[in-house]
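In what follows, a single structure is set out as C-alpha cells and then discussed.
Throughout, read-outs are computed from the coordinates displayed, never taken from laboratory work. Keep in mind that what you see is a predicted model, and the values were worked out from it rather than measured. Neighbour counts run over all protein chains shown; Cβ positions are idealised from the backbone, glycine included.
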C-alpha cells in the first residue's frame, strides 16, 4: 500500500521539477497565451519592397505585412521589379525555412534562402518609411 503512494509522490516531484521557473503570473500568462502560427499563402502576396539586399517586406492580402530576412545578401533584390516567393513546404509560408525568393538578375534568376519570417503588427507596418512599404 505504501509503494503506490511513494510512486505517486515521486512522479509528482518529477513533474514539478520539470515545470518552468518564474513568477506565478508569468506561468498563467504563458499557459493562456495563444500559440498561433502566422502563416500566409504565397498566392495572396500582392506587393513587395526590398529596402536592402537582406530584407524583404511582403504585402499579403489588403492589410497584412510580413518581413523576411535572407540567409545571405540577395543581390539586386532591392532593384527588382518582380520576384517570386516559392514555398518549399506546399503553398503556405510559416517559417523562414519554408520559403525561397527568386529574383531576376543580370546573369539570370537568383534563388535566395529565407532565414526568418515575421508578421508585422499594424503599428510596425505603419511605422515603415514610405519608400519601404510594400
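When the stretch 92-128 is filtered for residues that are within 18 Å of residue 40 (Cβ to Cβ), surrounded by fewer than 12 Cβ atoms within 10 Å (Cβ to Cβ) and touching a residue at least 12 places away in the same chain (Cβ under 8 Å), only 122 remains.
Give the residue that is surrounded by the fewest Cβ atoms within 10 Å (Cβ to Cβ), with candidates limited to residues of the stretch 67-81 that are closer than 17 Å to residue 134 by Cβ and in contact with a strand residue (DSSP E or B) (Cβ under 7 Å, 6 or more places away or on another chain). Filtering first and then ranking leaves 69.
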